[in-house]
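> There's a structure below that I have some questions on.
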């Protein structure tokens, strides 16, 4: 799990162009939206693309996506449970 | 009443000049992305959205940031400021970037973050958000910078008192070639309230002259 969380941090920094952010700056349990990383709606769409492109996981249900994108840890847990 | 240009900026060939004087010189041979990042860092600002912008928006944003920092010292009302830009390549540079994310049906992952920049007027939106500018705005496509058109269009808005300030100019970028030329116009009425400002008459002749300066 820790390895997947580290990998996700790096992927998110790259995909969302968070140039001033380092992986160690990101708290795996901090909210991705609002406080924490303060991502916006376009970032949410990029995260959906990332999940499909890099993990083959398609998030079509908005309420599921909202839960999955609570934090980096919830993303990692979802990937671990659903990755084929 | 006459209106006046209180400042202008040019960014091209790894050089930023403000009111005709060098402001920032980038490293020789640096590509646009590296150069504009150098300018951003030199301004000492923290605005993480900058990194998410496409290259056209980065160019316009940085030019506006430097010019408006100068204008803020004199003072202007963002809610009465309009933005009017021109270029020849529209958002084609980013359109191609987006096309590359969708051209392969086997590897079809359209990027929402790229897609949002596939309109040239997004650069105006970025500047408005940053500076809380709420006046009229338009982005025109022309083969080359058209001072006659720009002067007449902006003067018309001033004449109808729809704006009191205007950020105008040329913001062109395509395949690594770039050129920004922005200027700030103040209504004569507002300028007379601050007689210490050195300004040039807003006219086609002035625009032709400072465009090549």
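Quick note: the coordinates plus some simple rules give every number you see, no bench work behind them. What you see is a predicted model, and the numbers here were worked out from it, not measured in a lab. Neighbour counts are summed over all protein chains in view; Cβ atoms, including those assigned to glycine, are modelled from backbone coordinates with ideal geometry.
> Take every Cα pair under 8 Å in region B:9-158 that's 6+ residues apart, average their separations, divide by the length, and report that relative contact order as a whole percent.
On the way: 154 pairs, mean separation 36.1, N = 150.
Across region B:9-158, relative contact order equals 24 percent.
> Compute the distance in nm between two label points, each set 7 Å from the Cα along the Cα-to-Cβ direction, one at residue B:142 and one at residue B:103.
With each label placed 7 Å out from Cα toward Cβ, I get 3.2 nm.
> Given the options B:135, B:75, B:60, which has the most mean-square fluctuation in a GNM of chain B, springs set between C-alpha atoms less than 10 angstrom apart?
Result for chain B, Cα springs under 10 Å: B:75 fluctuates most.
> I would also like to ask the following. Run the helix sum for chain B: -39,500 (n - 2.57) per DSSP H stretch of 4+ residues, divided by residue count, reported at 222 nm to the nearest 500 deg cm²/dmol.
-11500 deg cm²/dmol
> What is the distance, in nm, between label points placed 7 Å from the Cα along the Cα-to-Cβ direction at residue B:179 and at residue B:208?
Spacing of the two 7 Å Cα→Cβ label points: 1.6 nm.
> For residue B:132 and residue A:73, what is the calculated FRET efficiency with R₀ set at 45 Å and r taken between the beta-carbons, to the nearest 0.05? Intermediate values should be presented prior to the final figure.
On the way: r = 36 Å, r/R0 = 0.81.
Plugging the Cβ-Cβ distance into 1/(1 + (r/R0)^6) gives 0.80.
> Hey, got the average number of other protein chain Cβ atoms within 10 angstrom for residues in A:47-55?
Details: counts 1, 1, 6, 1, 0, 1, 4, 1, 0.
Whole-number average of other-chain Cβ neighbours for A:47-55 is 2.
> How big is the antiparallel share of DSSP beta bridges in the protein assembly as shown, given as a percent to the nearest 5? Walk me through the intermediate numbers first.
On the way: 28 of 40 bridges.
Of those bridges, close to 70 percent are antiparallel.
> Return the average number of partner chain Cβ atoms within 10 angstrom of each residue Cβ along peptide A:22-30. Mind showing how you got there, number by number?
Values: counts 0, 0, 0, 0, 0, 0, 0, 0, 0.
The shielding value for this peptide is 0.
> Please give the helix B:55-74 orientation as an angle from the longest Cα principal axis of chain B, in degrees from 0 to 90, rounded to the nearest 10.
Approximately 30 degrees, to the nearest ten.
> Semi-axes, largest first, in whole Å: what does sqrt of 5 times each Cα gyration tensor eigenvalue give for the protein assembly as shown?
42, 19, 18
> Using a ≥ b ≥ c from the Cα gyration tensor of region A:2-82 (square roots of the eigenvalues), is it rounded, prolate or oblate, where a/c under 1.5 gives rounded and otherwise the larger of a/b and b/c decides, a/b for prolate? Mind dumping the intermediate values first?
Details: a/c = 1.43, a/b = 1.25, b/c = 1.14.
The shape class here is rounded.
> So how far, in whole Å, is the C-alpha centre of region B:124-146 from the one of region A:12-84?
Here the answer is 33 Å between Cα centres.
> Determine by what factor the alpha-carbon radius of gyration of chain B differs from 2.2 N^0.38 Å, reporting the quotient. Walk me through the numbers on the way to the answer.
Numbers: Rg = 17.4 Å, N = 213, 2.2 N^0.38 = 16.9 Å.
After normalising by residue count via 2.2 N^0.38 Å, the value is 1.03.
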